[in-house]
Amino acid sequence: MKRPKTRAKGKNVPAVTRVTLAPSDAASWQYAPAPETYDYFKIAPRYGLFIGGKWVAPKDGRRFPTLNPATEEVLTHVAEAGPADVDRAIKAARNAYERYWRRCSPQTRAKYLFRIARAITERSRELAVLESLNGGKPIRESRDVDIPLAAAHFFYYAGWADKLEWAFPNRHPEPLGVAGQIIPWNFPLLMAAWKIAPALACGNTVVLKPAETTPLTALWLAEIIEQADLPPGVVNVITGGGDTGAALVRHPDLDKVAFTGSTEVGKQIAIQCARLRRPVTLELGGKAANIIFEDAPMDQAVEGIINGIFFNQGHVCCAGSRLLVQESAIELVVDKLYRRIQSLRVGPPLDKNTDVGAINSKAQLAKIDELARSGEQAGRPRYQTECALPSRGYWFRPTFFTEVALSDRIAQEEIFGPVLSVMTFRTPDEAVEKANNTRYGLSAGIWTDKGSKNFKIAAQLRAGVVWGNTFNKFDPSSAFGGYKESGFGREGGIFGLLPYVKDRWRSA
Amino acid sequence: MAQRLSVRKTLKLFIGGSFVRSESGRTFACELAGQTVHAARATRKDARDAVRAARAAWAGWRERSAYNRGQIVYRLAEIMETRRDQFEQALGIAGASATAAQREVSASIDRIVWYAGWCDKIEQVLSTKNPVASPHFNVSSPEPTGVVAVVPPPAPALLALVSTCVPIVCSGNTVVVAASHEDPLATITFAEAVATADIPAGVINLLTGYAAEIAPTLAAHMDVNALDVWSSDGEFIEKLAELATDNLKRVRRHAAPREIFWSGAKAQGLDWIEPFVEIKTVWHPAGV
């Protein structure tokens, strides 16, 4: 199939390219449905808060529905924790910190964490289904990436719990106390693992607030923790929205805040914590450059581009949302990319054939749509997967824009959806210059056949994670976190322990 | 015979390797050894110029080999040792006793030597090779954060200046310092040593004047990556920390400790370097 050539040179040229595909094209292949079943576990009609080892109703009785974004059906109702609930969660965590957790032997802490890791693996199928049901991501991803990585994260940090003196030689690491942790909706269970595992390993207790739209796997994790017999209050899970998070951050008896989410909210939290003299780590937005040199292995690179931006519907803070292609290779890359997106299967998250699932929420869909429209208004040629979309639920076709300018909104703002902005460069210096031309600095990708070029360019990019000939790879032993306005602090590896031990620079 | 009339020194700012007056032409008066001297009073514009100089110097400084940075920092110690009379005199004029001045200068020089030896070890001590579960060579290692604004405590003027700035610079950052107005002589004498020690222009920029005037500009500056603030004024620290959130600067904040702290073992360490580095993880494919 040929990519239609469009050049946006004037107002007369239609900015949107609509393509009619021949019947022989990949998009028209028939696939038998292959849905994952979930008749072996039940979702209760309502859920409470997990505080002090008990399931309790919210003080003021407020609950809100949580949906399946692929069908807009209500899955269940979860509690909306108010200030009084936040307060009891923190009291429970404080009590658990003083009475059990700081006193318990490091090896006991390690063994609890190992238990959690094992239990996640045991219930991985159920958790994967739940993650896809509540968040909209393809079961292939929740099954192969989210859940195994969450278990691996607990397993990795379990081992650190009784070896902290080796992680920080000469520094006598001590826990901070009670950590308030707020996580996003894009990798709900994995982010819970990234937050809870290192905090507990270092001897802290936690109050975790999952994202408003994706509370379910965090509640399942709470049950796993309950069944692992952790001392009551070591982990508390309170569901709610932005107000619950704000109440948590400003609570007077908190020793640490960890947040993953948008740069906008992250800055508000940073101001609060600056006033409260409270240690904070932030993992925020990104606008990663994915740089394709002319000597790159092109078929592999195109797969990397796809994985970089369409993995998890592009709801990834480190998504490769700006594609920088060396000018001599632009036609080839764009043609291949166009062909490739036509074979992406957009559809039910629980179907094992699905590549791209549902957009997480109505609000997010509106935001993606608005930004994509700005790309059209700027006159950038638009290409997208031409496929039928389900009639209900929140969907957005995998999309890319070519001829994007650095100053375009779609090149500067985080879209957090399946929308890629394609730009070109001539020299390696220009690639670095353009890649660094952003307020963010979370990640970047480099595609080249030359190892020395990869290392040289990687050293010049102002980003916390740089992938060479790969993208969106994660490992519990490998540090992850941003430069500049993508936040500070690292998660993963030895460096992921640092935010949860006492730092001498806290006296002012 | 008539006594020789001495030549007095104009007390200037040190920006981008040059000694300059404040762009505003303003000075502030201070009493040093019974004599009124006027030192340059940096303005917000001077602070912005200093940030520009620091940013311009940054790429060259961080790309030097760590060994070379170590040699240059060591050179600073050499220069200061040969000029120690001048440093002792400067501290003496500001009121230190002869022995106190000697001690402070010795401690400052020894601290610089200590950090000179760190330059090519930071990356070794703060790096990890990660055993990832895929065919990749995976390392996490430190890089300099960028341009760092430093607000050192007023005293001890030389030792606190050295103790805060040198560890920040030795990992490859560049600094803009809003130095204390109480003893501009120590700052300027240090600037003269920096200027002759092969430290590239713009790596260390020293502004005399009132920190309360210029530090907020540095804390809010969008091209400054980190802030190091020492003060006995909690509200001042809080204000700067809040301004620093606008572009999410890395902030180290500390109440000004007692002077004795600065000569102790806790006033140097790897944890003086670590707040001003970023950990970068690089994934490199392994295969044939």
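To the nearest 20 debye, what is the magnitude of the charge dipole of chain A about its Cα centre, counting +1 on the Cβ of each Lys and Arg and -1 on the Cβ of each Asp and Glu?
Using Cβ point charges on Lys, Arg, Asp and Glu, chain A gives about 860 debye.
Using Cα pairs under 8 angstrom and six or more residues apart, how large is the relative contact order of segment A:456-508, in percent?
24
Mark the label point 7 Å from the Cα of A:A363 along Cα→Cβ and return the residues of segment A:182-200 whose backbone N is within less than 20 Å of it.
Residues A:182-189, A:191-192 fall inside that zone.
What are the ³J(HN,Hα) values, in whole Hz, obtained from phi via the Karplus relation 6.51 cos²θ - 1.76 cosθ + 1.60 with θ = phi - 60°, for each residue of segment A:96-106 in sequence order, with x given for Gly and Pro?
5, 5, 6, 7, 10, 5, 6, 8, 6, 5, x
I want the antiparallel fraction of DSSP beta bridges within the protein assembly as shown, as a percent rounded to 5.
Antiparallel: roughly 40 percent of the beta bridges in the protein assembly as shown.
How fast does segment A:244-320 diffuse by Stokes-Einstein, in µm²/s, taking the Kirkwood radius from C-alpha pairs at 25 °C and 0.890 mPa s?
So the translational diffusion coefficient is about 165 µm²/s.
Roughly what would the spin-label model give for B:V7 and B:S134, points 7 Å off Cα along C-beta, in nm?
Here the modelled spin labels are 6.6 nm apart.
How long is the gain from B:S232 to B:I260 if the chain were fully straight, where each residue apart is worth 0.36 nm and the alpha carbon distance is subtracted?
8.6 nm
Suppose every K and R has +1 on its Cβ and every D and E has -1 on its Cβ; what is the size of the dipole of segment A:286-468 about the Cα centre, in Debye to the nearest 20?
Here the size comes out at about 480 debye.
Please list, in order, the residues from segment A:81-97 whose amide nitrogen is less than 20 Å from a point placed 7 Å along the Cα→Cβ vector of A:R275.
A:83-84, A:86-87
Grab the beta carbon distance between A:V74 and B:K121, set R0 = 51 Å, and tell me the FRET efficiency rounded to 0.05.
After rounding to 0.05, the efficiency reads 0.30.
Expressed in nm², what is the orientationally averaged projection area of the convex hull enclosing the Cα positions of the protein assembly as shown?
Spelled out: convex hull of the Cα atoms, projected over all directions, averaged, 36.7 nm².
Averaged across the residues of A:333-344, what count of C-beta atoms belonging to other chains lies within 10 Å of each residue's C-beta?
Per residue, the average neighbour count from other chains is 0.
Using the Cβ atoms and a cut-off under 10 Å, what net charge is assigned to the surroundings of B:C30, where Lys and Arg are +1 and Asp and Glu are -1?
Net of charged neighbours comes to -3.
For segment B:122-129, just list the computed ³J(HN,Hα) in residue order, Karplus coefficients 6.51, -1.76 and 1.60, θ = phi - 60°, integers in Hz, with x standing in for Gly and Pro.
So the Karplus estimates, Gly and Pro as x, are 3, 5, 6, 7, 9, 10, 10, 9 Hz.
Could you compute the net charge surrounding B:T189? Neighbours are other residues with a C-beta less than 15 Å from the C-beta of B:T189; K and R count +1, D and E count -1.
Cβ neighbours under 15 Å give a net charge of -2.
Enumerate the amide H contacts of B:F137 below 5 Å, restricted to partners 5 or more residues apart or on another chain; note that Pro and chain-start residues carry no placed amide H.
Result for B:F137 returns B:H284, B:A286.
Taking only DSSP H segments of four or more residues, each worth -39500 (n - 2.57), what value at 222 nm results for the protein assembly as shown once the sum is divided by all its residues, to the nearest 500 deg cm²/dmol?
Value at 222 nm, helices only, nearest 500: -11500 deg cm²/dmol.
Please compute the contact order of segment A:135-257 in relative form: average sequence separation of alpha-carbon pairs under 8 Å and at least six residues apart, divided by the residue count, as a percent.
Relative contact order for segment A:135-257 comes out at 28 percent.
Can you work out the Karplus-derived ³J(HN,Hα) for every residue in segment A:60-68? Use 6.51 cos²θ - 1.76 cosθ + 1.60 with θ = phi - 60°, whole Hz, and x for glycine or proline.
Computed from phi, the couplings for segment A:60-68 are 9, x, 7, 9, 9, x, 10, 10, 9 Hz.
Take each of the peptides A:348-355, B:66-73, average the number of other beta-carbon atoms within 10 Å over its residues, and list them starting from the highest.
Per-residue Cβ counts within 10 Å, averaged per peptide and sorted highest first, yield A:348-355, B:66-73.
Return the FRET efficiency for the residue pair A:R62, A:R118: r is the Cβ-Cβ distance, R0 is 45 Å, and the value is rounded to the nearest 0.05.
FRET efficiency, A:R62 to A:R118: 0.80.
Return a whole-number percent for the relative contact order of chain A, with Cα pairs under 8 Å and 6 or more residues apart as the contact set.
18
Please list the non-local residues whose amide H lies under 5 Å from the amide H of A:G445, H modeled 1.01 Å from N, same-chain partners needing a gap of 5 or more.
A:A289, A:N290, A:I291, A:W467
From other protein chains only, count the Cβ atoms within 10 Å of every residue's Cβ in B:248-254, then give the mean.
Per residue, the average neighbour count from other chains is 6.
Under 13 Å from the Cβ of B:I122, count the other residues' Cβ atoms, weight Lys and Arg +1, Asp and Glu -1, and hand me the total.
Cβ neighbours under 13 Å give a net charge of -3.
By what distance, in whole Å, do the Cα atoms of chain B stretch along each of the three principal axes, largest value first?
Extents along the principal axes, in whole Å: 87, 38, 33.
From other protein chains only, count the Cβ atoms within 10 Å of every residue's Cβ in B:222-230, then give the mean.
Per-residue shielding by partner chains comes out at 1.
Taking the simple approach of a point 7 Å from Cα along Cα-to-Cβ for both A:D253 and A:Q412, what is their distance in nm?
About 4.6 nm separates the two model spin labels.
What residue among A:A228, A:Q364, A:A247 has its Cα farthest toward the positive end of the dipole of chain A, where the charges are +1 on Lys, Arg and -1 on Asp, Glu, each on the Cβ?
The residue sitting farthest along the positive end of the dipole is A:A247.
Any idea how far apart A:D39 and A:D243 come out in nm if each label point goes 7 Å out from Cα toward Cβ?
Those two pseudo-labels are separated by 4.1 nm.
Taking a ≥ b ≥ c as the square roots of the eigenvalues of the Cα gyration tensor of segment A:286-468, is the shape rounded (a/c under 1.5), prolate (a/b larger than b/c) or oblate?
In terms of gyration-tensor shape, prolate.
Could you tell me how far the Cα centroid of segment A:391-432 sits from the Cα centroid of segment B:111-158, in Å?
Between the Cα centre of segment B:111-158 and that of segment A:391-432, the gap is 34 Å.
Quick check: residue separation of A:S262 and A:A405 times 0.36 nm, minus the Cα distance between them. What number comes out in nm?
Full-extension gain reported as 49.1 nm.
FYI, it's all coordinate maths here, none of it is from the lab. Computed from a predicted model, the values in this text were never measured in an experiment. Note: ideal-geometry Cβ built from the backbone for every residue, glycine included; neighbour counts use all protein chains shown.
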